[in-house]
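This report refers to the structure that appears directly beneath it.
Readers should treat all values here as calculations from the given coordinates under stated rules, not as data from a laboratory. It should be emphasised that the depicted structure is a prediction, and the values quoted were computed from it without experimental measurement. Heads up, the Cβs are rebuilt from the backbone with ideal geometry, glycines too, and the neighbour counts pull from every protein chain shown.
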Amino acid sequence: MPAEIRLFRCLSDNYGVLMHDPDTGATAAIDAPEAAPIEAMLKETGWKLTDILVTHHHADHTDGIMTLKGKYKCRVVAPAAEAGKIPGVDETVKEGDRVKVGSLTGNVLETPGHTLGHIAYWFHGDKVAFVGDTMFSIGCGRVVEGTMDQMWDSLKKLRDLPDDTRIYVGHEYTLANIKFALTIEPNNAALKSRAAEAEKQIAGGHFTIPVTIGAEKKENPFIRADIAEVAAGIGMAGKPANEVFAEIRLRKNKF
Ligand code: ZN
Ligand code: FE
């Protein structure tokens with residue numbers, strides 16, 4: 001049976017996610033920003049937490065781990081490159097590894113840039129990917145530890161997932177990201193209709209994610225840096241894509 005997924009807010013703008021395997025009862029939290037909302041969702045669903053899949057070491061993704069582990073004795077899976085900075089780690093993973101949540105199988109993708117050891121979890125059977133702070137809807141994470149080139153490569157890796165992959169991102173930043181994206185591509189029709197849709201979603205108290213890779217490819221300027229019109233639109237016609245990406249990221253930092 002397909003995975004069941006619940007999405008909810010944690011902290012000020014983080015997303016919490018639970019993924020449940022109906023066949024075995026296994027339930028994974030993707031990151032643990034804050035224990036209380038995760039426990040509230042476990043209570044609401046009646047699911048028992050068996051795993052925490054950590055994308056990166058930042059506190060707003062790991063602060064809830066020890067409380068949850070203490071209560072549920074769940075397994076904590078984390079990127080090998082950051083295991084020393086993450087509490088309670090039971091199992092470390094790297095590029096190419098597989099992670100089981102009950103009968104569900106995820107592939108580990110290394111996506112450095114935001115942090116050096118950042119990973120994403122791609123459950124291809126369920127067409128979902130949990131991408132942490134590497135990619136946001138219509139945006140991407142800040143390049144805190146890695147290089148611009150690393151981030152560009154990581155985003156391309158996510159962009160290469162099948163178009164119908166639904167991505168779950170670490171934060172609700174969509175409206176602010178759209179506002180910025182429209183300064184890069186003011187005439188992008190898909191982006192404009194997405195803007196209207198996202199405003200409606202937020203006004204209605206709904207989430208703006210998950211989004212599909214296919215939609216992001218049409219609307220997210222950060223993964224469109226190798227499109228000629230995008231480069232031309234910011235005065236960088238003919239420049240290499242990694243430089244165009246870096247310029248877009250720098251503009252966002254100042255936006
Ligand atoms: Zn982060
Ligand atoms: Fe974060």
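When Val108, Val99 are checked against the criterion of being within 24 Å of Lys217 (Cα to Cα) and either in contact (Cβ under 8 Å) with a residue 40 or more places away in the chain or more than 16 Å from ligand 1 (Cβ to nearest atom) (or both), a single residue qualifies: Val108.
Could you tell me whether any residue of the stretch 39-51 is free of Cβ contacts under 8 Å to residues at least 40 places away in the same chain and either part of a strand (DSSP E or B) or within 16 Å of ligand 1 (Cβ to nearest atom) (or both)? Looking through the stretch 39-51, none of the residues is free of Cβ contacts under 8 Å to residues at least 40 places away in the same chain and either part of a strand (DSSP E or B) or within 16 Å of ligand 1 (Cβ to nearest atom) (or both).
Let's see how each residue does on (1) under 18 Å from Val17 (Cα atoms); (2) out of contact with any His (no Cβ under 8 Å at 6 or more places or on another chain); (3) within 13 Å of ligand 2 (Cβ to nearest atom); (4) touching a residue at least 40 places away in the same chain (Cβ under 8 Å):
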position	(1), (2), (3), (4)
Leu104	yes, yes, no, yes
Leu116	no, yes, no, no
Ile119	yes, no, no, yes
Val131	yes, yes, yes, yes
Ser137	yes, yes, no, yes
Val143	no, no, no, yes
Met151	no, no, no, yes
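Please specify each residue of the stretch 1-17 satisfying the condition of being under 14 Å from the mean Cα position of the chain (by Cα) and either more than 13 Å from Glu34 (Cα to Cα) or assigned to a loop (DSSP other than H, G, I, E, B) (or both). Leu7, Asp13 - these are the residues of the stretch 1-17 that are under 14 Å from the mean Cα position of the chain (by Cα) and either more than 13 Å from Glu34 (Cα to Cα) or assigned to a loop (DSSP other than H, G, I, E, B) (or both).
In this structure, Gly170 does satisfy being within 18 Å of the chain's Cα centre (by Cα) and of a type in the set (Gly, Ala, Ser). Of the residues making up the stretch 52-76, those that are within 15 Å of ligand 2 (Cβ to nearest atom) and either part of a loop (DSSP other than H, G, I, E, B) or hydroxyl-bearing (Ser, Thr, Tyr) (or both) are Val54, Thr55, His56, His57, His58, Thr62, Asp63, Gly64. The number of residues in the stretch 162-206 that are more than 16 Å from ligand 2 (Cβ to nearest atom) and among the aromatic types (Phe, Trp, Tyr) comes to 1. Looking at the structure I just gave you, is Ala81 away from ligand 1 (no atom under 16 Å from the Cβ) and either in contact (Cβ under 8 Å) with a residue 60 or more places away in the chain or among the small types (Gly, Ala, Ser) (or both)? Answer is no for this residue.
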